[in-house]
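The values are calculated or read from the model by the stated rules, or taken from the named source; none is laboratory data. A quick note: this is a predicted structure, and the numbers were derived from the prediction, not measured. Cβ placement follows ideal geometry from the backbone for every residue including glycine, while neighbour counts extend to all protein chains displayed. Each accessible area value is taken on the protein alone, full model and side chains, heavy atoms only, with ligands, DNA and RNA left out. Shrake-Rupley method; radii C 1.70, N 1.55, O 1.52, S 1.80 Å.
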Amino acid sequence: MPTTPQPDPCLIVIYGASGDLTKRKLIPALYDLCRLGYLSAKTGILGVSRTAMSDADFIERMKPWCQENPHFDEQTWSRFAGRLHYQPADATDLSSFREQLVPRIDQLSQQHDVNDNVLYYLSVAPSLYDPIINNIGAAQLVTEGKRWCSINRDRLPWQRIIVEKPFGHDLKSAEHLNRVLGRVFDEESVYNIDHYLGKETVQNLLVFRFANAIWEPLWNRTYIDHVQITAAETVGVEDRGAFYENAGAMRDMIQSHLLQVMAVLAMDTPSSSAAQHLRVEQRKLLEAIRLIDEADAPDYAVRGQYTAGDVGDKTIVGYREDPNTADDSTTETYAAMKVLVDNWRWQGVPFYLRTGKAMRRKLTQIVVQFRAAPHAIYSEMCGEEAPKPNRLVINVQPDEGINLKFTGKVPGQTGTLRNAVMDFDYLEQFGGESQEAYAHLLLDAVCGDRSLFKDRFEIEAAWRIVTPVLNYWANNPDAELATYAAGSWGPEAADRLIEPFGPWRNPEGEVSRSRLVHK
Ligand code: BG6
C-alpha cells in the first residue's frame, strides 16, 4: 500500500452483491476507505447480482454492516451512500449482461466521471467465474487502454479484476481459470486476492525482515531449527457446511493463506518493495518447496475433524452433525503439513503448517524456533528451568505483535538463569488503527499496486504442493481421519507429525511466563 494513496477515479463493480462477503467485508471496507478520505471523490460502486433490488434497497441492506464500524457517522454514510448503486442482472448470461449491465456501467461511468476506469470484483461462486469473465470480454468492457495503463495511468483508462479464492479446486481447474482470465485481462490487471496478505502483521513482516539488518544473517538453516505457522479458528463451519464439504482445511487455508504467509516469511530478499520483485521472490520460494510423492503423504500431513465440544462458553456440534454435511463426511476441518524447502537457505529446516476450525483459541501465529547455543557454558546455573533456545513469535492476529524469547540472569547473587520475553505490540508502540485487510487490498487494487496480490504462478505452485496430499486423501478414504474435540488444540496425530521438533507452541504453555504473550 502506498504511503499516500493516490487512487484514480473508478467504478467498482461487485459481482455477487447479495452475498455474504459483500455485506460483511467489501462494503464496510469501502465505507472505511471513504471515511478516511482514501478514495477519489469520483468513485462509484455498483453491486450486481440476480436478486431483484433497487438502489435504495441495496443501500438500506448495507447500512447496518457499515454501522458496525466504531467510527460510523451519518454524514460520511450519506456521502458514501451517494456512491452506492445496484443492478439486478444475470451476469452469466450474455444477453442479460449486454442489456442490463453494460448500459448501467456506461451510465455510472459518466455519472461519476471515472474515465472508464473499472475495477471488477468477483465475489461469486467459483462456478460462475468463467461465464462472467467471458462476458466481460465478449461485451468489450476491457478496452485496449489496459495495455498502457500501468505506464500512464493518469490518462489511459484501465480495467482490473479482483478474483476471490478459491482459485480453482485443484491444479487443473486453477490452470483453466488462469487461462480464462488471460484471454480477457493482461496478467498485470488480474488481482488474485488473499486477505491474509492484507493483514497488518503480514505486511509488517516484510518491513521487519527487510528494513532491519539484524535478522537476515540469522534467517537460514545455520540458526533456525524449524518454523511453525498456525491459523486456528474458534468457529466451526457455521452456515458454510455445503461449501466446506467440497473444500476442507487443506484447500481452504493451507493451499492459500498459509503457504502465502510462509512465502513472505521465507523468501529471499527482494531488490525493492515493488510488486514484481516481491512476486518473483515469493514464487521462487514456493517453487523450491519439495513436492512429495502421493504415497508418502501420511509422513507429511495429518487431517482431522472436530467432534462436539465447548469453545469458550459456546457449544459446537460435531462437524458430521451439521445439517449441511454428510453423516460420514471425511472432509478435514483440521490439517497440518510438514513442508521442506530445497534451497541453500532452508535445506533441512522443516516448516510446520497447521490450521483448524473449532479450536480452543482464535490465533494466527508464526513461531521461528532458533537453534540452541552451540556450547552451554552456563548449564550449572540453570536450576529447574533449563534455558530454552531463542524463539521469535510473530502474532498475526489477534494482538498484532512480535516477541523474542531469550535467556537472562536473575538479578542478585542467585546465579540463576531464567527464560524471559522481549515483547513488542504494534498498536501500543505506534498507535493508529489497524485496518481491515480488505480495505488495504481494495485500495491497493484501485491504486494499481499488486504487491500484496498473488500471481498465477504462485497459485499454481501452491496447488502443486498440496496436490499429492489431497490425492492421497481422496484415493484412500479410509486413511486416518483423526478426530479432535471442539475447543481443543487439534488431534494427537498432529503432535506425532511435528516430532522430533515439537511440540506445537500453544498459548497456554506460554502465558505463565509473561503477561505480554498471548493475552
Ligand atoms: C477464509 C476461509 O479464506 O479465511 C474461511 O475461507 C476462514 O474458512 C477465513 O474462516 C479465516 O480468515 P481470518 O481472517 O478470520 O483468519
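Sparsely packed loop sites in region 1-87 (the chymotrypsin sites (Phe, Trp or Tyr not before Pro) outside DSSP H, G, I, E and B with at most 10 other Cβ atoms within 10 Å) do not occur. Between their Cα atoms, which of Lys23/Lys357; Lys23/Lys284; Lys25/Lys357; Lys405/Lys454; Lys23/Lys199 are more than 25 Å away from each other? Beyond 25 Å between Cα atoms: Lys23/Lys284; Lys405/Lys454. Using the 1.4 Å probe convention, the accessible area of the chain works out to 43 Å² per residue with neighbouring protein chains retained. Round to the nearest 0.05 the FRET efficiency obtained for Gln347 and Val207 when R0 = 41 Å and r is the Cβ-Cβ distance. About 0.95, to the nearest 0.05.
Here the contact order of the chain, divided by its residue count and restricted to Cα pairs under 8 Å and six or more residues apart, works out to 17 percent. Listed by chain and number, the lysines placed with their C-alpha closer than 30 angstrom to that of Lys409 are Lys388, Lys519; residues fewer than eight positions away on the same chain are left out.
Putting +1 on Lys and Arg Cβ atoms and -1 on Asp and Glu Cβ atoms, find which of Ser123, Leu177, Ser189 reaches farthest to the positive end of the dipole of region 83-204. Going by the Cα projections, it comes out as Ser189. Comparing Tyr472, Tyr38, Ala326 along the charge dipole axis of the chain, the residue lying farthest to the positive side is Tyr38, per the Cβ-charge model. Solvent-accessible surface of protein heavy atoms, probed at 1.4 angstrom with all chains present, puts Glu187, Glu332, Glu287 in the order Glu287, Glu187, Glu332, largest first. Rounded to the nearest 5, the antiparallel percentage of DSSP beta bridges internal to the chain is 55%. Using heavy atoms of the protein chains and a probe of 1.4 Å, the accessible area assigned to Met337 is about 10 Å². Per residue of the chain, the DSSP helices (runs of n ≥ 4 H) give a summed -39500 (n - 2.57) that works out to -8500 deg cm²/dmol at 222 nm. Placing +1 on the Cβ of every Lys and Arg and -1 on the Cβ of every Asp and Glu, with nothing else charged, gives region 316-439 a dipole about its Cα centre of roughly 580 debye. Comparing region 186-296 with the 2.2 N^0.38 Å rule of thumb, its C-alpha radius of gyration ratio is 1.24 (two decimals). Region 247-269 and region 278-347 have Cα centres spaced 10 Å apart. With only Cα atoms counted, region 380-503 has Rg and Dmax values of 22.1, 63 Å. Backbone phi angles across region 12-17, fed through the Karplus curve with coefficients 6.51, -1.76 and 1.60 (θ = phi - 60°), yield HN-Hα couplings of 9, 9, 9, 7, x, 6 Hz in residue order; Gly and Pro are listed as x.
Answer rounded, prolate or oblate for region 277-316, using the Cα gyration tensor with square roots of eigenvalues a ≥ b ≥ c: rounded when a/c is under 1.5, else prolate when a/b is larger than b/c, else oblate. Here region 277-316 falls in the oblate category. Under Stokes-Einstein, with the Kirkwood radius over Cα pairs as Rh, the value for the chain at 37 °C and 0.692 mPa s is 134 µm²/s. The charge dipole of region 18-71, taken about its Cα centre with unit charges on the Cβ atoms of Lys, Arg (+1), Asp and Glu (-1) only, comes to about 120 debye. Taken as Cα centroids, region 9-60 and region 448-475 sit 29 Å apart, rounded to the nearest whole angstrom. In a fully extended conformation the segment linking Ala242 and Ala479 would gain 83.1 nm over its present Cα-Cα distance, using 0.36 nm per residue. Please report the relative contact order for region 230-310, taking Cα pairs under 8 Å with a sequence separation of at least 6, and give it as a percent rounded to a whole number. Across region 230-310, relative contact order equals 19 percent. Here region 212-227 is scanned for amide nitrogen atoms under 11 Å from the site 7 Å beyond the Cα of Arg371 along Cα-to-Cβ, giving 220-226.
The accessible surface of the chain, taken with every protein chain in place and a 1.4 Å probe, is 50 percent carbon and sulfur. With a Förster radius of 41 Å, plug the Cβ-Cβ distance of Gln276 and Lys409 into 1/(1 + (r/R0)^6) and report the FRET value to the nearest 0.05. Calculated transfer efficiency: 0.25.
The stretch between Gln111 and Leu427, if pulled fully straight at 0.36 nm per residue, gains 109.8 nm over its current Cα-Cα span. For the chain, a crude dipole built from +1 on the beta carbon of Lys and Arg and -1 on the beta carbon of Asp and Glu, taken about the Cα centre, is about 1020 debye to the nearest 20. Placing dummy labels 7 Å off each Cα toward the beta-carbon, the span from Ala41 to Thr222 is 5.7 nm.
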